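Encoded as structure tokens, the structure appears first; notes follow it.
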């Protein structure tokens, strides 16, 4: 026993003496976007360390599906990293709990100005900046050129009427026309594409549910009608976004709406596929969904200046271009947007051009609950257990409860 | 002294989480598990007024009754057959015990693949025999997905149940059958009047253990449908998991835990009371 | 009825169930031997055109099978040993020593057996996250999982061991005391050897239950290098943008076979052991 104490005291003393000489360590939790994510951040950490020998960056890569859980454990145990990538939609909870540190005072002059305005905005709450947009994407429609040419739309569909007409022809040839996604995350978003393009909105100006408007009913009726007429893949409640992307890669699905990163996947897994990208089809107007993931700095971090230095480095042009190109996202800073990798990529341009009309998920409490209510409503319509109107009204009531309206 | 460690371990690993759950149930908890303050019955109200909860509660009962009932209905005749002396009995026994060796979660993965609409062997077989003319989307609709899950629940519960019943059957002395035969009893009579009553304690234990197990069975439904589509294959435990770790609502999730615990406790109490009464 | 007739009849009655039982194994074997392009061929066939042994090799890398198997074995063995070390004395006390509150202890065990960890999963998770360990907390450590497994298998183990111990005549030990052996010695040299089969059966059941467990591991573990086999397999299917079914099935098969073999060999003992423990 006595020996043990002695040893402990000795160890403490040694630690105390070693402390000043020890490099600062910044821990960062990173979400797994693709196989390239881990290596990218490791390389950046090494580059950063070479330039700043006093700071070590440790990267922890976590799957998206377990990121929320990891944050839960780490935060309640007080063992969270110093910085983390999070879904921007979680930011409000972070701020309410006092977990995230406002960055404005710590950002070097000009840092904030590097970002493309609309992408930075979702990370700002109550006039303070908490999240820096690390990954951004928008949505557009991918179409199989061979199938659409045969159906009479060689340049892809422009309107929902085009989609229906093309899908009819494709169905006659025995193919799956329109990919309808109704399983997993973003089931609600898939409905919002049609909702927005019919002139509707998810929430009104008072942050009250508005998706059960006539536009919403029209949008959902359209999807349901396509399903009933066999213009989609059978059993959409069995298909996640990934399933539909796979069908598209295999050339078994003619049209699907998804994010820019499918471009990278196709280049890697189905390089011979001939496809095009067009904006989300219009009903009465042009719209798309844009979403960002943010980097936050934890309020309990003990190495805030070092962490800010690291973030500053991550958001310079070089590292940004490498990241955004590697993962197939959209540029979030002005400097990277000027890179030919983005300005000269015809396919990515479709997404970039859509941004002026892009909608972001509003930062309100109860957004996730709203998303869940809408997803459930959409599924119940596809399963034939409710009419679009009844399902959306019920979901709106539920959403309003969560939104506190 | 000798039982102390076991008490401590059980109390620590069961008691403390229990305390945490009660605390969460009456607190306003953020998505990230921070307790923001006392909230009284608010979480309870939220849960009880959620139709998905009521639905899941009913479905849990259906799930438990059909899986356990189905298991007993299949396992009893199987045990009776396995008691007979026939060629290859050892092989048959071994085969029927095999599902026990696959982890439940992995079994669910394998079945999920077997039921895959496009490439699964179930649709291929059914089409081959002309029972269906185009692939069935088994997991797309709750009307087909849930019965499939019940069926798998039954299949994986059979080995354990057969084992218990076989043990029970072997405890019945064979002489009494011979005596009954001499007295002119028909086989079904001796089954009804002798086997069944003597098997009762074994049936009871098989039912009780299965009920506990099936009631709490998480992997099959979680792996195959995650409670969807449209929340219509949720049982309480999958709903509880989704609430706490996917929807970020630890407070209401704790309430669901408590409700399930309450059900389990009352079932246990009834069972113990029955046992006492029977002596 | 002749034996032949009875055999045919028995097999006929059992055949549907045997078919259903073997189907997952057939699916596993068939798919695990198919090359990638044949897996997603429509319509599917049972026999691969080319046997793709490389699936097992590829799977080993992509799944990290070796590490996961090591984790599974480590966790299951440690949980079993821990449970037994605590349960054997408790069961001995229950079956041998007069003590106050034995009834209450029995009830307590029964109640804990009723509690599946899934019901307390949220609390378990918070508990683990609040216990500091090394640089982090108990959450996301194998030790945490081991302790939880041991605790939840304890009731079953004590229960089974106690019922078996009760069948070992106490005279033998008493004879040893008369011969001048201390109580402890008597237990070690006389009682334990007799109890070994029961301990073995309990150990195997605990081991397999831990080996197969999913929920607790799913909740507590996250670091890919610490995941157990069931988690790895389910992770291959859930939340991936492409599922390599041939590799998934190869992993499942490889994870299942050792357990299946052990079960087949020990099946007879398990039947007697379990019924004894469960009903008494």
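Where a number appears in this text, it was derived from the coordinates with a stated rule and is not lab data. All figures in this text were calculated on a predicted structure; none of them were measured in a lab. Quick reminder, even Gly has a Cβ in these numbers, built from the backbone with ideal geometry, and neighbours come from all protein chains shown.
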Practice problem: Compute the distance in nm between two label points, each set 7 Å from the Cα along the Cα-to-Cβ direction, one at residue C:46 and one at residue A:346. | Solution: 5.1
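If r is the Cβ-Cβ distance from residue A:25 to residue A:208 and R0 is 56 Å, what FRET efficiency results, to the nearest 0.05? Spell out each step's value before the answer.
Numbers: r = 46 Å, r/R0 = 0.83.
Calculated value: 0.75.
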Quiz item: For labels at residue C:171 and residue B:171 in the simple 7 Å Cα→Cβ model, what's the distance in nm?
Solution: 2.4
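Under the definition of partner shielding as Cβ atoms of other protein chains within 10 Å of a residue Cβ, what is the mean value for peptide C:105-118?
Values: counts 3, 0, 2, 6, 4, 4, 7, 6, 3, 12, 11, 9, 5, 13.
Neighbouring Cβ atoms belonging to other protein chains average 6 per residue here.
Kindly provide the helix-only [θ] at 222 nm of chain C, computed as the sum of -39,500 (n - 2.57) over DSSP H runs of four or more divided by all residues, to the nearest 500 deg cm²/dmol? Write down the numbers at each step before the final one.
On the way: 13 runs with 203 residues, N = 280.
Calculated at 222 nm, the ellipticity per residue is -24000 deg cm²/dmol.
Let me have the relative contact order for the range C:63-279, percent, based on Cα pairs under 8 Å that are six or more residues apart. Can you show the working numbers first?
Values: 203 pairs, mean separation 75.1, N = 217.
With pairs under 8 Å counted, the relative contact order is 35 percent.
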Self-check item: Averaged over B:196-205, number of beta-carbon atoms from partner chains that fall within 10 Å
Solution: 1
Quiz item: Per residue of chain B, what 222 nm ellipticity follows from adding -39500 (n - 2.57) for every DSSP H run with n ≥ 4, rounded to the nearest 500?
Solution: -21500 deg cm²/dmol
Quiz item: Along each of its three principal axes, how wide is the spread of alpha-carbon positions in the range A:281-405, in whole angstrom units, largest first?
Solution: 52, 44, 23
Self-check item: Mean separation of Cα contacts under 8 Å (6+ apart) over length of the range B:64-233, as relative contact order %
Solution: 36
Quiz item: Extension gain residue A:96-residue A:108, at 0.36 nm per residue separation less the Cα-Cα distance, in nm?
Solution: 1.8 nm
Quiz prompt | Cα gyration tensor of the range B:1-64 - equivalent ellipsoid semi-axes, whole Å, descending | solution = 30, 21, 9
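Taking each residue in A:242-253, count the Cβ atoms of any other chain within 10 Å of its Cβ, then average. What number comes out?
Numbers: counts 5, 3, 0, 2, 4, 1, 0, 2, 1, 0, 2, 0.
Across the residues of A:242-253, the mean count of other-chain Cβ atoms within 10 Å is 2.
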Quiz item: What angle do you read, to the nearest 10 degrees and between 0 and 90, between the alpha-carbon axis of helix A:64-77 and the longest principal axis of chain A?
Solution: 40
Quiz prompt | Cα long-axis angle, helix B:104-114 against chain B (0 to 90 degrees, to the nearest 10) | solution = 80
Quiz item: Taking a label point 7 Å from the Cα of residue C:107 along the Cα→Cβ vector, which residues of the range C:142-164 have an amide N closer than 19 Å to it?
Solution: C:155-156, C:159
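Could you work out the per residue convex hull volume over the alpha carbons of the range B:98-179, in cubic angstrom?
Values: hull volume 12.1 nm³, N = 82.
Looking at the range B:98-179, the number lands at 147 Å³ per residue.
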Quiz item: Once the Cα atoms of chain B are picked out, what are the Rg and Dmax in Å?
Solution: 22.9, 76
Quiz prompt | Principal axis dimensions, chain C - Cα atoms, whole angstrom, descending | solution = 75, 70, 32
Quiz item: Along the Cα-to-Cβ line of residue A:364, 7 Å from the Cα, sits a label point; which residues in the range A:376-405 have backbone N less than 14 Å from it?
Solution: A:396-405
Exercise. Would you mind giving the average projected area, over all directions, of the Cα convex hull of the range C:13-172 in nm² with one decimal?
Key: 17.1
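Kindly state, to the nearest 0.05, the FRET efficiency for residue B:189 paired with residue B:143, given R0 = 35 Å and r defined as their beta-carbon distance. Walk me through the numbers before you get to the answer.
Working: r = 41 Å, r/R0 = 1.18.
Once the sixth-power term is evaluated, E becomes 0.25.
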Practice problem: Describe numerically, in nm with one decimal, the distance between label points set 7 Å from Cα along Cα→Cβ at residue B:182 and at residue C:130. | Solution: 6.9
Quiz item: Share of Cα-Cα pairs in the range A:102-233 beyond 17 Å, in percent?
Solution: 69
Quiz item: Ranked highest first by the average count of other Cβ atoms within 10 Å around their residues, in what order do A:320-333, A:56-69 fall?
Solution: A:320-333, A:56-69
Self-check item: Cα centroid separation, the range B:35-94 to the range C:99-123 (Å)
Solution: 20
Exercise. Report the calculated FRET efficiency for residue A:299 and residue B:262 (r = Cβ-Cβ distance, R0 = 35 Å), to the nearest 0.05.
Key: 0.35
Quiz prompt | Rg/Rh for the range C:83-122, where both radii come from Cα atoms and Rh is the Kirkwood radius | solution = 1.08
Self-check item: Taking all pairs of distinct alpha-carbon atoms in chain A, Kirkwood radius in angstrom
Solution: 22.9
Quiz prompt | Cα-Cα separations in the protein assembly as shown greater than 46 Å, expressed as whole percent | solution = 33
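Restricting to DSSP H runs of at least four residues, report the calculated mean residue ellipticity at 222 nm for chain A, -39500 (n - 2.57) per run over all residues, nearest 500 deg cm²/dmol.
Numbers: 18 runs with 190 residues, N = 405.
Calculated from helices alone, the mean residue ellipticity at 222 nm is -14000 deg cm²/dmol.
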Quiz prompt | Whole-Å distance, taken between Cα centres, linking the range C:125-174 and the range B:120-180 | solution = 33
Quiz item: So what's the angle, to the nearest 10 degrees on a 0 to 90 scale, between helix B:250-278 and the longest Cα principal axis of chain B?
Solution: 30
Quiz item: What relative contact order, as a whole-number percentage, does the range A:94-180 give when Cα pairs under 8 Å and 6 or more residues apart are counted?
Solution: 16
Practice problem: Sketch the reach of a paramagnetic label on residue C:2 as a point 7 Å from Cα along Cα-to-Cβ, and name the residues of the range B:80-94 whose backbone nitrogen lies under 12 Å away. | Solution: none
